[in-house]
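Below: one structure, written as structure tokens.
The values are calculated or read from the model by the stated rules, or taken from the named source; none is laboratory data. In this text the structure is predicted, and so the values were computed from the model without any measurement. Glycine gets a Cβ as well: all are built from the backbone with ideal geometry, and neighbour counts include every protein chain shown.
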């Protein structure tokens, strides 16, 4: 059972196993057939000559998986997509990254990809919001926009010819993320969706689900059309002793813990599920810290199993 | 060590000031602790302790040796800690030497007492087989498998658990004339002597961030510390050792306050560990 290190007691273990088993039986047959481990044969039709891709090998005329993951088929190509691998960017993905280096005209970001991503000075909106050529002065002031270790939200622009990954941040919604915490989850748990930025008004919290598995939970910031940076800097130093309001902080911690629990259980992280889990903890009077305890894990797994069963039941009911 | 942005640092400091840390803990709350015993079959005793994402392994190996001439009535114990490069990239090569040495010294101070072996948490005279001729040498090794702050507390807990798991083989000594009075040892494979670990202390590290101090700091929180005081406390609530890290000074009254808090917290921690040990032993027996 996964690398969950939980001090489960006997009943909790039984309940968790039952819930996980339930989830397994609920999964569509095609999905479980597509999951392979090392040395599993991948069923292929040998008549249409297939192309063996990543994570496959030929053994005695059969296609055998050399990795654990999910079999993907694109036309003739058959390959294995590993789940616990690094993030594989696609153009248009919204990602959260951390600045690791400032180089001439560019920032280098760590985004859990096999190499560092590049954010060019020219592919980002300047704080004054005016469209113009970037001058040498702008280049010298780069550190006033993003410093090393800053958490930044951006969009994948595309790959360069040399294979390096370029990002862009051409709107006010992208940029530096300030007060909050960054969680890292396996990237396969975040699915591509229309919306990755979420302003949860009821909590006054911003939640950004980066496609690269970096999740930002932070205090909501009002997006101003024009914010000059100097003013911003002053605000931060003046506010050093005015911390995040307690209520907001509670919500941030609760949502973050909900995301932690869900990712540890291996459930796809959607905003609905995160909110639902946080609400469930609130309604059943679970303390924020106790959300990481065994009982809440079991509860969450059971709720999810029930939810999926209901969903499946409704689908079937609708079909009839 | 990952860097943190100004905003995140501010958030962490704010959380500690408001008594609600990033994962929802209060200042004096530990992360969930899980304990496993008997994980290394070759060792006489071993344990794995996890505190959140921090994972450490401790093993105890007993070997027959000779007591020193100065202290013929006492066995020998040595403690060494190693940080695995899998825990953090910075531990690769010689990168972990400094931290390993620091942890080893802190543990030696807390558990071994003075040079003469007086005041050690482990009763050294119980390690003697024949006075002046043979004794048990205990090699206690700690390994940091995964590092997310609070390594010293985790290591001390792991050593405490490993010692309680340790069985020292019974030795039959036969003295005969043929070997010129040199004793012959017959080490039993079945009979083991359990160790008295009730006096082995736990270590509670109080990390000071801003005006407040916290227990069981994660590595992110440790990056914001001004100073940290590690207090080792035994079951009776007595202080067995103290070390301080970090350059910032502390007011003596704060230290006294910290000690009394550490004493209070440690009693909770010891009873938590005891129940975990019992659970781990029960799981082993199954």
Legend entry - For residue A:253: the one exception among (1) at pLDDT 90 or above; (2) within 14 Å of chain B (Cβ to nearest Cβ); (3) over 19 Å from the mean Cα position of the chain (by Cα): (3)
Legend entry - Test: residue in segment B:180-203 that is under 30 Å from residue B:24 (Cα atoms), at pLDDT 85 or above and out of contact with any strand residue (DSSP E or B) (no Cβ under 6 Å at 6 or more places or on another chain): yes
Legend entry - Residues of segment B:59-100 classified as without any contact (Cβ under 8 Å) to a residue 60 or more places away in the chain and not in a loop (DSSP other than H, G, I, E, B), total: 6
Legend entry - Failed item in (1) crowded, with 16+ Cβ neighbours inside 10 Å; (2) assigned by TED's automatic domain parsing to the domain that holds residue A:251; (3) in contact with a helix residue (DSSP H, G or I) (Cβ under 8 Å, 6 or more places away or on another chain), with residue A:204 passing the rest: (1)
Legend entry - segment B:1-23, residues that are under 30 Å from residue B:92 (Cα atoms), more than 7 Å from chain A (Cβ to nearest Cβ) and outside any helix (DSSP H, G or I): B:1, B:2
Legend entry - Test for residue B:228: is it within 25 Å of residue B:9 (Cβ to Cβ), more than 14 Å from chain A (Cβ to nearest Cβ) and surrounded by 14 or more Cβ atoms within 10 Å (Cβ to Cβ): yes
Inset, instruction - State the number of residues belonging to segment A:146-184 that are within 13 Å of another protein chain (Cβ to nearest Cβ) and more than 21 Å from the chain's Cα centre (by Cα). - result: 3
Inset, instruction - Quick one: in segment A:185-215, of everything that is free of Cβ contacts under 8 Å to residues at least 24 places away in the same chain, in a loop (DSSP other than H, G, I, E, B) and under 16 Å from residue A:251 (Cβ atoms), which residue is farthest from the other protein chains (Cβ to nearest Cβ)? - result: A:201
Legend entry - Positions within segment B:31-41 being more than 19 Å from residue A:8 (Cβ to Cβ) and touching a residue at least 12 places away in the same chain (Cβ under 8 Å), in sequence order: B:38, B:40
Inset, instruction - Could you grab me the full set of residues in segment A:244-259 that are within 14 Å of residue A:280 (Cα to Cα) and part of a loop (DSSP other than H, G, I, E, B)? - result: none
